[in-house]
Amino acid sequence: MAAGASPGGDAPTADFRPWPFRGRPKPDELLSSWFLRAAEAMEMKPYALGHIAWRSTPPPLTRDIDGIADDRILAILSASTLTPIEQCRATTLASYEGVLFESHQPLGRTTWIMPLGVRARARLSPWLQYCPACLEQAPYFRRLWRVSWATACVEHKLRLLDRCSHCASILAPFRARGFACFNCGAALADGQRLPASEMVLSFQMRQEMILAQGWGELGPSHFPYSVQYFQTIRHVARSLSLGARATTFRTVAAESWGGDPSPYEGEKRDIDVLTATERHRLFDLVSRLLEEWPERFVSTASTAGLWQSWALRDDDRPPFAYASMVAERLATPRYSPSRAEVQSAADYLRRRSSGLTKLALKKLVGDSIHIQPIFDAERQASFLPAFREAPIG
């Protein structure tokens, strides 16, 4: 059997023969990229090799193989290439579990992962990014390029692209020849080289460091598990990009700290499905709000009218460090009526009843620092006529 899989597509059998391709995954290489290199090395079409190797229905390559790869898929790849199973597992998106996100969802949306929509082998939305300079030096797709907060290459200081620079097609590596555009054939290494924002580069270097070490710090907050740190970053990013108040929040943030507050084409969609250009702008703003944490975030949110319920929405288990900061600094302010409103209420009570009392006034307008002064003034005014009419001497 040329491709080396067992007849049923299960784990390899005793008479199993490895593939001629023995290449190991490169640093941070995606499983799909590694498999693509194997197919090219053996002069086979990726879909044909996938069918021979796994014989699954539906075929793994028609779905997101980086996300759905299970033990059976990995066992066959491991045996076929003589690669340790743990090294195979490190090429999958599931290997980020417990570090980037809490739980990997092989058949659904996973936090921070750009989703792959597929119909009849066609990719429906941008799901993979690339750095042209990286592909020129070492042609393979990196695992980090599937992460939505990754919008720059810190080595080359370039923005990541999610489309062909020549025809704007999204990437479909299994339908292309080599690392090229499947539609026009242009080499991805020849893509536009757009300089990344300095703020984004600084932000992403910190993100990558925290991802590697498994814990993080943000201002005075310490996150013993990096997942908690990334959850906090996501709250900030979603506050800027999603919902009715996001536009005001972006505008105030840009006016205060710089950045581009322009709306996103997919404003009603989540962060992970925004384009590379939109996410680069978004995380440029995020990086500015993270400076002097949490002071900039709190002052900007307060000015924009973004309070506790908004900052914690859609998350019933926010990181403690973030939730406690929001509860302390962004609790919804209690409304206090103005002096004019309290005076108007006092006038109303005087017309409706013979006597004006503090208790009646408080019941009508609620707590206010203006109640006592107005009540004192009302009481003093009621005594003045009698005082003036009193005989002298």
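State yes or no: is residue 135 outside any loop (DSSP other than H, G, I, E, B), within 18 Å of residue 27 (Cβ to Cβ) and of a type outside the set (D, E, K, R)? It is true that residue 135 is outside any loop (DSSP other than H, G, I, E, B), within 18 Å of residue 27 (Cβ to Cβ) and of a type outside the set (D, E, K, R). Spot the failing condition for residue 135; the list is (1) within 25 Å of residue 62 (Cα to Cα); (2) without any contact (Cβ under 8 Å) to a residue 24 or more places away in the chain, and only one is missed. Residue 135 satisfies all of (1) within 25 Å of residue 62 (Cα to Cα); (2) without any contact (Cβ under 8 Å) to a residue 24 or more places away in the chain except (2). Mind listing whichever residues of region 181-193 are touching a Leu at 6+ places or on another chain (Cβ under 6 Å) and of a type in the set (A, V, I, L, M)? 188, 189 - these are the residues of region 181-193 that are touching a Leu at 6+ places or on another chain (Cβ under 6 Å) and of a type in the set (A, V, I, L, M).
Applying a threshold of 7 Å to beta carbon distances and a minimum spacing of six or more residues, or different chains, the list of pairs starting in region 277-288 at a residue that is farther than 18 Å from residue 145 by Cβ and ending at one that is of a type in the set (Val, Ile, Thr) reads 284/200; 286/233; 286/236; 287/200. In summary, helices (runs of 4 or more DSSP H) completely within region 289-332 and bearing 3 or more residues that are on the phi < 0 side of the Ramachandran plot and of a type in the set (Gly, Ala, Ser) occur at 295-304, 320-329.
The rows are residues; the columns are (1) part of a helix (DSSP H, G or I); (2) surrounded by 20 or more Cβ atoms within 10 Å (Cβ to Cβ).
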position	(1), (2)
40	yes, no
51	yes, no
56	no, no
76	yes, yes
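Looking at 108, 9, which is the one that is under 30 Å from residue 150 (Cα atoms) and either outside any helix (DSSP H, G or I) or at pLDDT 95 or above (or both)? Sole residue among the options that is under 30 Å from residue 150 (Cα atoms) and either outside any helix (DSSP H, G or I) or at pLDDT 95 or above (or both): 108.
If you check 163, 177 for being basic (Lys, Arg) and either surrounded by 16 or more Cβ atoms within 10 Å (Cβ to Cβ) or closer than 25 Å to residue 90 by Cα (or both), only one passes: 163. In region 65-82 there is no residue that is over 16 Å from residue 33 (Cα atoms), at pLDDT 95 or above and within 16 Å of the chain's Cα centre (by Cα). Looking at 234, 206, just one residue is surrounded by fewer than 20 Cβ atoms within 10 Å (Cβ to Cβ), more than 21 Å from residue 305 (Cβ to Cβ), of a type outside the set (S, T, N, Q) and under 20 Å from the mean Cα position of the chain (by Cα), and that residue is 206. One residue is enough: does region 109-131 have a residue meeting the conditions surrounded by fewer than 17 Cβ atoms within 10 Å (Cβ to Cβ), free of Cβ contacts under 8 Å to residues at least 12 places away in the same chain, under 26 Å from residue 24 (Cα atoms) and out of contact with any Cys (no Cβ under 6 Å at 6 or more places or on another chain)? Within region 109-131, not a single residue is surrounded by fewer than 17 Cβ atoms within 10 Å (Cβ to Cβ), free of Cβ contacts under 8 Å to residues at least 12 places away in the same chain, under 26 Å from residue 24 (Cα atoms) and out of contact with any Cys (no Cβ under 6 Å at 6 or more places or on another chain). Filtered by the rule that a residue be among the basic types (Lys, Arg) and surrounded by fewer than 20 Cβ atoms within 10 Å (Cβ to Cβ), region 263-281 gives 268, 269. Considering region 314-338, the residues that are surrounded by 11 or more Cβ atoms within 10 Å (Cβ to Cβ) and more than 27 Å from residue 270 (Cβ to Cβ) include one that is modelled with the highest pLDDT, namely 328. The set of residues from region 216-231 being part of a strand (DSSP E or B) and surrounded by fewer than 18 Cβ atoms within 10 Å (Cβ to Cβ) comprises 217, 222.
Residues that are closer than 22 Å to residue 93 by Cα, of a type outside the set (Asp, Glu), surrounded by 21 or more Cβ atoms within 10 Å (Cβ to Cβ) and at pLDDT 85 or above: does region 13-21 have at least one? Looking through region 13-21, none of the residues is closer than 22 Å to residue 93 by Cα, of a type outside the set (Asp, Glu), surrounded by 21 or more Cβ atoms within 10 Å (Cβ to Cβ) and at pLDDT 85 or above.
Only one entry of 31, 100 meets the criterion of being surrounded by 15 or more Cβ atoms within 10 Å (Cβ to Cβ), within 23 Å of residue 151 (Cβ to Cβ), within 21 Å of the chain's Cα centre (by Cα) and not aromatic (Phe, Trp, Tyr), and that entry is 100.
In this entry, residue 260 is excluded by the filter for residues that are of a type in the set (D, E, K, R), under 24 Å from residue 201 (Cβ atoms), surrounded by 16 or more Cβ atoms within 10 Å (Cβ to Cβ) and at pLDDT 95 or above.
The values are calculated or read from the model by the stated rules, or taken from the named source; none is laboratory data. If you're wondering where the values come from, they're calculated on a predicted model, not measured in any experiment. Please note: Cβ atoms are built from the backbone with ideal geometry, for glycine as well, and neighbour counts cover all protein chains shown.
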